[in-house]
Amino acid sequence: MGLYDREYYREPDDSMSFSASNQSATMLLLYINVGIFLFDWLLQLDLAQWFGVHTQTLYQPQYWYQYLTYGFLHAISGPSAGWHIFSNMFLLWMFGRFVEERYGKAEFLKIYLISVVLCGIAWNVVIIGLGDNAVMTGASGAVSTIFMLFVCLYPKMTVYLGFLIPVPAWAIGGLMLVTNIFGRQEDVAYSAHLAGIGFGLIYFFSGIRFGQFIPSKLALPKWPRRSPRLRIHTEEDDYDPYNDSDEEAERILEKVNQSGMESLSEAERRKLEAYSRRMRQKLK
């Protein structure tokens, strides 16, 4: 893929695009969750009976797919219907963007999906230990992981509690931890929330990156892209004394896309800034 094929350097398009390739992982997850919820709610399918995590799921390997699918389902009836998906998707949208910007699209998606699975297993183990019989759905465990990563990355950033009271992010993180430790509401999966919080803390402080073990090409599908609009160049425009360095720019931009800005060295950051300035000047 050439340097000018990337979204970074394409000419602006006046039309609105909804293609998957142009969306962040945060928004793709939001669209998928809301779409499945509306499908389940409008048709009253009660998908949780087939795709939610059940007490016996741990003992039935043929149903282990439920450890992933439950994270894309939300309550369609009862007092929490509507609020369940709204609260999860609002928090994902609010804080997921910051986390994805730091870790990159592919790594963010890996964090989220692995968290869904681990939180589902953790809840299942706890519920068996308590001797209860229940079904769990919802993205709250994975969202707890994303929020805790946000807190670790931006502990001093101001967050408005109840949309009114400004407090630092670390305080909200502490409050979240305490309320889940001592929470007693029957229809809330506190064990999944705590597993998500713990996973987020371990991921942040361990410095591990899933991209080291899981190929990025398996994380996100490659969607066909619309060709960029053609421009007419003069001979003067076509002359570029840095053409021999385009391959290096390609490598740096791919690294940002897969692992986020924090993965760049200081030298790579300076090169990227220089290329960005040069490309903006050429597009004027």
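Tell me the residue from 125, 99, 116 that is at pLDDT 95 or above, aliphatic (A, V, I, L, M) and either in contact with a strand residue (DSSP E or B) (Cβ under 7 Å, 6 or more places away or on another chain) or open to solvent by 50 Å² or more (accessible area, probe 1.4 Å) (or both), please.
125
Against the definition (within 21 Å of residue 189 (Cβ to Cβ), touching a residue at least 24 places away in the same chain (Cβ under 8 Å), in a helix (DSSP H, G or I) and open to solvent by 20 Å² or more (accessible area, probe 1.4 Å)), how does residue 92 come out, yes or no?
Criteria not met by residue 92.
Right, residue 133: in a helix (DSSP H, G or I), more than 14 Å from the chain's Cα centre (by Cα) and within 19 Å of residue 60 (Cβ to Cβ) or not?
Spelling it out, it is not the case that residue 133 is in a helix (DSSP H, G or I), more than 14 Å from the chain's Cα centre (by Cα) and within 19 Å of residue 60 (Cβ to Cβ).
With the structure loaded, tell me whether residue 245 is under 23 Å from residue 101 (Cα atoms), modelled with pLDDT under 80, of a type in the set (Ser, Thr, Tyr) and surrounded by 11 or more Cβ atoms within 10 Å (Cβ to Cβ) or whether it fails that test.
Numbers: under 23 Å from residue 101 (Cα atoms): no; modelled with pLDDT under 80: yes; of a type in the set (Ser, Thr, Tyr): yes; surrounded by 11 or more Cβ atoms within 10 Å (Cβ to Cβ): yes.
Here the answer is no, as residue 245 does not meet what is asked.
So in the range 52-79, with the set limited to residues that are without any contact (Cβ under 8 Å) to a residue 60 or more places away in the chain, closer than 21 Å to residue 195 by Cα and of a type in the set (A, V, I, L, M, F, W, C), which one is most open to solvent (accessible area, probe 1.4 Å)?
64
Out of the range 152-210, which residues are over 23 Å from the mean Cα position of the chain (by Cα) and closer than 17 Å to residue 98 by Cα?
None - no residue of the range 152-210 is over 23 Å from the mean Cα position of the chain (by Cα) and closer than 17 Å to residue 98 by Cα, so the list stays empty.
Which residue, of 102, 97, is under 14 Å from residue 203 (Cα atoms) and in a helix (DSSP H, G or I)?
The conditions single out 102.
For the range 103-113, which residues satisfy the criterion of being open to solvent by 30 Å² or more (accessible area, probe 1.4 Å) and modelled with pLDDT of 95 or more?
Here is the first cut: in the range 103-113, the residues open to solvent by 30 Å² or more (accessible area, probe 1.4 Å) are 105, 113.
Result: 113, single match.
Within the range 26-45, how many residues are more than 22 Å from residue 108 (Cα to Cα) and either open to solvent by 60 Å² or more (accessible area, probe 1.4 Å) or not in a helix (DSSP H, G or I) (or both)?
Number satisfying all stated conditions: 7.
Among the residues of the range 128-173, write down those that are open to solvent by 40 Å² or more (accessible area, probe 1.4 Å) and of a type in the set (A, V, I, L, M, F, W, C). Full working, then the answer.
Looking only at the range 128-173, we keep the residues that are open to solvent by 40 Å² or more (accessible area, probe 1.4 Å), and these are 128-133, 135, 154-158, 160-166, 168, 170.
128, 130, 135, 157, 161, 163, 164, 165, 170 - these are the residues of the range 128-173 that are open to solvent by 40 Å² or more (accessible area, probe 1.4 Å) and of a type in the set (A, V, I, L, M, F, W, C).
The values are calculated or read from the model by the stated rules, or taken from the named source; none is laboratory data. Note that the structure is a prediction, hence the values are computed from the model and not measured. All Cβ positions, glycine included, derive from the backbone under ideal geometry; neighbour counts span all protein chains shown. Heavy atoms of the whole protein, side chains included, go into the accessibility calculation; ligands, DNA and RNA do not. Shrake-Rupley method; radii C 1.70, N 1.55, O 1.52, S 1.80 Å.
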